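A short reminder: the numbers here are calculations on the coordinates, not readings from a lab. Because the structure is a prediction, the values reported are computed rather than measured. Because the Cβ atoms are built from the backbone with ideal geometry, glycine has one as well, and the counts that use them run over all protein chains shown.
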Amino acid sequence: KAGVTQTPRYLIKTRGQQVTLSCSPISGHRSVSWYQQTPGQGLQFLFEYFSETQRNKGNFPGRFSGRQFSNSRSEMNVSTLELGDSALYLCASRTESVSPWLFGPGTRLTVL
Amino acid sequence: AQSVSQHNHHVILSEAASLELGCNYSYGGTVNLFWYVQYPGQHLQLLLKYFSGDPLVKGIKGFEAEFIKSKFSFNLRKPSVQWSDTAEYFCAYGSSNTGKLIFGQGTTLQVKP
C-alpha cells in the first residue's frame, strides 16, 4: 500500500501570501490530521477530519483552515502568511480510532 | 492541560550500549501511547504503540516500551543500539476521545560507531 502523500514537498512564499497544502491518505483511511513541526515548538496539532467533518482543532489562529473531500483527501490553507509560519507541515491518516496515525513526509514551508 | 514530557533532549551512546528514553504523560484516563522515530531526512515513522493489554509492547527494529500506569510513564528501551538508530525519537499520547496526539519535545539520539 502506498503511504500518505503530501504535495508539494517544498514551498517558498512571502509574507502576506496564502498557501494551500495537499494530503492524500493511505487507501482506505478515512481520518486525516495535520501537525506543524518547528524546532522551537515541536509537533503541534492543527486539525483532525473524518468523513469531511472537522472533529478537532488545535490552538492556531483562524488563518489556518482545512477541509476534507469525499475521497478522504485533505487540504490545509494558511492565509496572510507570517514569518513564524515557516515549518514542516505533516499530514497523518488512520483507519479508525483504535489504530495509530501514520505520517506522510511533510511539506516544508518557508516564508520570506 | 495534557502534556508529554521526555526526560532527555540529547543522548549520545556508543554502538552496543543499552538505551532507555524516558517519557511521562500527565493525563490519567484511558490512554493510547506511541513512540515515533524520525531518521535524518526521513518522515516520522511509528516504532510501537500501546492501546491496552500487555504493558510491555514490542516494536520494530528491536525496540520495546513498558507502560507503567502508576508512574504515568511509557519508557522506550533497546538492549543494544546500532549506528543506524541515530534519529530523533518522539513519545506521543493520544486521548481515546479525540484524535489529537500530544507529542513530547523529542530526544535526539546519536550513536557513535
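Distance between the C-alpha centres of segment B:83-113 and segment A:75-112: 17 Å, rounded to the whole angstrom. Amide H to amide H, with H built 1.01 Å from N, A:Ser31 comes under 5 Å of A:Arg94, counting only residues 5 or more places away or on other chains. Computed over chain B with a Gaussian network model linking Cα atoms closer than 10 Å, the most mobile of B:Thr98, B:Thr30, B:Thr86 is B:Thr98.
The antiparallel fraction among DSSP beta bridges confined to chain A stands at about 90%. Among the listed pairs A:Lys1/B:Lys71; A:Lys13/B:Lys61; A:Lys1/B:Lys61; A:Lys13/B:Lys58; B:Lys71/B:Lys100, a Cα-Cα separation exceeding 32 Å is found for A:Lys1/B:Lys71; A:Lys13/B:Lys61; A:Lys13/B:Lys58. Taking chain A as a Gaussian network, Cα atoms linked when under 10 Å apart, which of A:Gly40, A:Gly66, A:Gly16 shows the biggest mean-square fluctuation? Highest fluctuation among the options: A:Gly40. Rounded to whole numbers, the Karplus 3J(HN,Hα) couplings from phi for segment A:73-87 are 4, 10, 10, 10, 10, 10, 9, 6, 4, 10, 4, x, 7, 4, 5 Hz, using 6.51 cos²θ - 1.76 cosθ + 1.60 with θ = phi - 60°, and x at Gly and Pro.
Toward the positive end of the charge dipole of chain B, with +1 on the Cβ of Lys and Arg and -1 on the Cβ of Asp and Glu, the farthest Cα among B:Phe63, B:His9, B:Asn97 is that of B:Asn97. This model, with +1 at the C-beta of Lys and Arg and -1 at the C-beta of Asp and Glu, gives the protein assembly as shown a dipole about its Cα centre of some 340 debye. Under 16 Å of direct C-alpha separation, and excluding same-chain neighbours fewer than eight residues apart, B:Lys78 reaches these aspartates and glutamates: B:Glu15, B:Glu20, B:Glu64, B:Glu66, B:Glu88. Scanning residues 5 or more positions from B:Lys100 or on other chains, those with amide H under 5 Å from its amide H are B:Ser95, with H placed 1.01 Å from N in the peptide plane. Return the single residue from B:Gly94, B:Gly41, B:Gly59 with maximal mean-square fluctuation; model: Gaussian network over chain B, springs between Cα atoms under 10 Å. Looking only at B:Gly94, B:Gly41, B:Gly59, the largest GNM fluctuation is found for B:Gly41.
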